[in-house]
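K.L.:
Supplied in structure tokens, the structure appears directly below.
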Amino acid sequence: MPPKTKVAALPSTMKELKDTLWKAADKLRGSMDASQYKDVILGLVFLKYVSDAFDERREQIRTELESDGLNEDQISQLIDDVDEYTGRGVFWVAARARWSYLADNAKGLAAVAGEAPKSIGLLIDEAMDLISADNAALAGSLPRIYNRDNVDQRRLGELLDLLNSARFTGHGATKARDILGEVYEYFLEKFAHAEGKRGGEFYTPAGVVRVLVEVLEPSHGRVYDPCCGSGGMFVQTEKFLESHQKEGSNISVYGQELNERTWRMAKMNLAIHGLNGNLASRWGDTFARDQHPDLQADFIMANPPFNIKDWARSESDPRWKYGVPPAGNANYAWIQHIISKLAPGGSAGVVMANGSMSSNSGGEGDIRAQLVEADLVSCMIALPTQLFRSTQIPVCTWFFANDKTAGDGGSIDRTGQVLFIDARKLGHMVDRAERALSDEDIAKIASTYHAWRGTSSVVGRVETTDAALDYTDESGFAYSASLTEIKVASYSLTPGRYVGAAEVEEDDEPLDEKIERLSKELVAQFEQSERLANVVRMQLGRVNV
């Protein structure tokens, strides 16, 4: 019998748990690049969660059976009933896929009767196979990459040992699924930062996603993302539903992703959050082969890759209802694909490069004019710079609606109107390279939109007041423009052209007093500058002695 694995002290806070797991990631940092160890770490974190949740449910079953007076023989016959696990949303984990088995063999070769010894990497790969085979929702999604030449088996064993101290169960009222979900998102963000520009392929900053979610409020029906990355849009939708005391089962998730590894991450991410998503049977190019050809979605949210020059373009594609997108830029191909997927009462939010709002190259201006005249554009938002660490391209969000009349979408008829919001001054710097939107920033944006549409809402953690539901234009921030005004502006959709300049606070300081005050401040700054210059000269003189 192998020795019992020693379990380290349980991290007591979410920060400690995250730090423990990030230290685990560093174990492999030196032996492979960021994209490789990302797949290794995220797969192991997922495996650890699945096993912890299974063990917790197993103990619950044992306690229930003991309380019913069953003896050990009777318990052993009933405790492996698969339905007792899957019926509670817990994945079935076979004995040789459980974390305890892997941890017991983390630092040596496992010898099973009648079999040749196996490395820990091979044992993990086999565990992934077993879990995929036993749980249809995970079929084809778990990584099988641990027994490769570029994975240091000694470090992999040490990694399991460190992960053994992290538990996703036993945290009181907090669900294991919620804990792992937060850890998984934390890792995605950290890996996106580590990979720089490539990180943008699978990760959209949470604040940007929340703008889409809080404006659209996807509370029911079919939710679609044609370039879903690691599934962040769906996760934020699930959080939105939870904050409104609604179940994730209220929505049906559909997505498509081009990159195989990112597609696998998304499948795991959805499984962690308890979302039954249809991400198609495999990864694939949305333009070359739409894997949801008949889908009509109630809500669409997307952050397509910006300004793609090399894409699968066919001029006869029926999706180009408003004009054929140029070969050198796929921005308007994404927009038209998304519009083609909208159900009759559907709405969509799309993150785009700022250039999409005014570009006239390759016929894009004509396509934009057609979209405006079809009254599909409901809202345009210019976002602050530096929200994306992966790109310095300024971004905006387009919102589309198939029906802007008064009804389920809102109590105010906005036919023939577009709301423009200039949010470029919002946000705060979290470090020298990246800006983030606060709850209040997101609430200001979303509540402005909902006031314009005449819908009451609880936005994020900031509740709107009745007064906020009376929309009025706000100089420098929001303006409701007619289609005629937009036509006069040559169909430019840049919010700055419509919202005007923000009102400046009245300055009642007399001019002569202001000049005297500013002159004194300037003289004081000159004197301070001279003192500092003397100090520098003195220090330089000492160095040269």
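K.L.:
How high is the FRET efficiency from Asp413 to Gln392, r the C-beta distance, R0 56 Å, rounded to 0.05?
P.N.:
Approximately 0.90, to the nearest 0.05.
K.L.:
Determine, at each q value in 0.11, 0.12, 0.14, 0.23 (inverse angstroms), the log₁₀ of I(q)/I(0) that the Debye formula gives when each Cα of region 48-165 is one equal point scatterer.
P.N.:
Cα-only, vacuum Debye calculation for region 48-165: -0.43, -0.51, -0.67, -1.28.
K.L.:
Rounded, prolate or oblate: pick one for region 303-446, where a ≥ b ≥ c are the square roots of the eigenvalues of its C-alpha gyration tensor, a/c under 1.5 means rounded, and failing that, prolate if a/b is larger than b/c, else oblate.
P.N.:
Judged from the Cα gyration tensor, region 303-446 comes out oblate (a/c at least 1.5, b/c at or above a/b).
K.L.:
Return the distance in nm (one decimal) between the two label points of a simple spin-label model at Asp73 and Asp512, each offset 7 Å from Cα along Cα→Cβ.
P.N.:
Placing both labels 7 Å along Cα→Cβ, they lie 10.9 nm apart.
K.L.:
Can you list which of the chymotrypsin sites (Phe, Trp or Tyr not before Pro) found in region 222-254 are DSSP loop residues with at most 14 other C-beta atoms within 10 Å?
P.N.:
Filter output for region 222-254: empty list.
K.L.:
Please compute the net charge surrounding Asp366, taking Lys and Arg as +1 and Asp and Glu as -1 over other residues with Cβ under 14 Å from its Cβ.
P.N.:
Net of charged neighbours comes to +1.
K.L.:
I've got another one for you. Would you tally the net charge around Ser76, using a Cβ to Cβ cut-off of less than 13 Å, leaving Ser76 out, and scoring K and R as +1, D and E as -1?
P.N.:
Working: positive: Arg58, Arg62; negative: Glu66, Glu72, Asp73, Asp80, Asp81.
After counting each charged neighbour, the total is -3.
K.L.:
What's the local net charge at Leu376, with K and R +1, D and E -1, over the other residues with C-beta under 13 Å away?
P.N.:
With Lys, Arg at +1 and Asp, Glu at -1, the neighbours total +2.
K.L.:
Could you please rank Cys228, Cys379, placing first whichever residue has the fewest other Cβ atoms within 10 Å of its Cβ?
P.N.:
With the sparsest Cβ surroundings first, the list reads Cys379, Cys228.
K.L.:
Which GluC sites (Glu not before Pro) does region 291-386 hold that lie in a coil by DSSP with at most 12 other beta carbons within 10 Å?
P.N.:
Those that pass, being in a loop and sparsely packed, are Glu315.
K.L.:
Shifting gears a bit: Any chance you could run the full-extension gain for Glu373 through Arg154? It's 0.36 nm times the residue separation minus the Cα-Cα distance, nm to one decimal. Mind dumping the intermediate values first?
P.N.:
Working: separation 219, 0.36 × 219 = 78.84 nm, distance 6.33 nm.
Difference between extended and current length: 72.5 nm.
K.L.:
Moving on. R0 = 51 Å: FRET efficiency of Arg313 with Thr472, Cβ-based, nearest 0.05?
P.N.:
That gives a FRET efficiency of 0.70.
K.L.:
Related question: What is the order of Tyr491, Tyr332, fewest Cβ neighbours within 10 Å to most?
P.N.:
Tyr491, Tyr332
K.L.:
From largest to smallest, what semi-axes in whole angstrom does region 205-499 give when each is the square root of 5 times an eigenvalue of its alpha carbon gyration tensor?
P.N.:
26, 24, 19
K.L.:
Also: At 7 Å along Cα-to-Cβ for each site, give me the label-to-label distance between Ser529 and Glu485 in nm.
P.N.:
For Ser529 paired with Glu485, the spin-label model returns 4.4 nm.
K.L.:
Out of region 40-76, which GluC sites (Glu not before Pro) are coil in DSSP terms and have no more than 16 other C-beta atoms within 10 Å?
P.N.:
none
K.L.:
While we're here: Which length gain, in nm to one decimal place, applies between Gln60 and Lys321 when the Cα-Cα distance is subtracted from 0.36 nm times their residue separation? Let's see the in-between values first.
P.N.:
On the way: separation 261, 0.36 × 261 = 93.96 nm, distance 5.63 nm.
My answer for the length gained is 88.3 nm.
Any read-out appearing in this document is the output of simple, stated calculations on the displayed coordinates, not a laboratory observation. Keep in mind the model is a prediction, meaning the values are calculated, not measured. Here Cβ is always computed from backbone atoms with ideal geometry, including for glycine, and neighbour counts include all displayed protein chains.
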